[in-house]
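Chemist: I'd like to ask you about the structure that follows.
Coordinate-derived values only; no laboratory data. Everything numeric here is computed off the predicted structure, so don't read it as measured data. Because the Cβ atoms are built from the backbone with ideal geometry, glycine has one as well, and the counts that use them run over all protein chains shown.
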Ligand code: PGA
């Protein structure tokens, strides 16, 4: 069990969040252009009803921070990862405190690409989740099953196992202070998205589990769907009762597409 986290930051009342995970794409010049295009889109069409966050590579975080703040763009700054230790001899790593100093609000932890390519364990993901909370930021915890697990009927068990590994021993305040992203691995970057009803079933199951584990109400949780989200399918996911937002990879690299995703079905569901 990880050490008790004392001052848990609330998710600031956000109940719907559209996050753009840029992954390892774009240098800081390209990052500025993308933020400027998003800013122009918001100036001309108005502020989207759902909250939005951008998760650039580390090399662009300071640049994106400056661009967002100087232009008063109503989009939160995020990061894709952090280390669990506050400082020290961890060559190549970046601490949660360093990100907090750049006014980062959201940090993705446990993305399947980190788990798969960098062998991140549930224990390490839990330690990162704690580090993000300690630095007064909001973790976005990614969970999801492989194609094989889904085909073998093990999807629910795998996702619940990942949720328990990080959320066991926490209370409803912790649920209010985090975001969970359901991202089936077979849907990430493949163009093969889950169906809205599959996403709804899993996001609902995650909320049931958070109720049992943490005593959280359904309304306390913010659960995103991620995996090949596009302009064409975003509204279908967002119309589902338990899909509170989206974690968007490829579809967030173009300003027009990301704004259209953020506004998808806006009339029906908003913050
Ligand atoms: P994708 O990525 O939208 O490109 O499938 C989603 C993610 O990995 O967060």
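Chemist: I'd like the distance between the alpha-carbon centres of region 181-219 and region 63-109, rounded to an integer number of Å.
Modeler: 26 Å
Chemist: Can you put 259, 137 in order, fewest other beta carbons within 10 Å first?
Modeler: On the way: 259 21, 137 24.
Lowest to highest Cβ neighbour count: 259, 137.
Chemist: Please arrange 111, 72 by how many other C-beta atoms lie within 10 Å of their C-beta, fewest to most.
Modeler: Fewest-to-most ranking of 111, 72: 72, 111.
Chemist: What's the Kirkwood radius of region 30-133 in Å, using all Cα pairs? Mind dumping the intermediate values first?
Modeler: On the way: mean 1/r = 0.0678 Å⁻¹.
Evaluated over region 30-133, this radius sits at 14.7 Å.
Chemist: What value, in deg cm²/dmol to 500, does the helix sum -39500 (n - 2.57) over DSSP H runs of n ≥ 4 give at 222 nm once divided by the residues of the chain? Walk me through the numbers on the way to the answer.
Modeler: On the way: 11 runs with 112 residues, N = 271.
That calculation yields -12000 deg cm²/dmol at 222 nm.
Chemist: Per q in 0.09, 0.12, 0.14, 0.15 1/Å, what log10 I(q)/I(0) does a Debye calculation on the alpha-carbon atoms of the chain return?
Modeler: -0.36, -0.66, -0.93, -1.09
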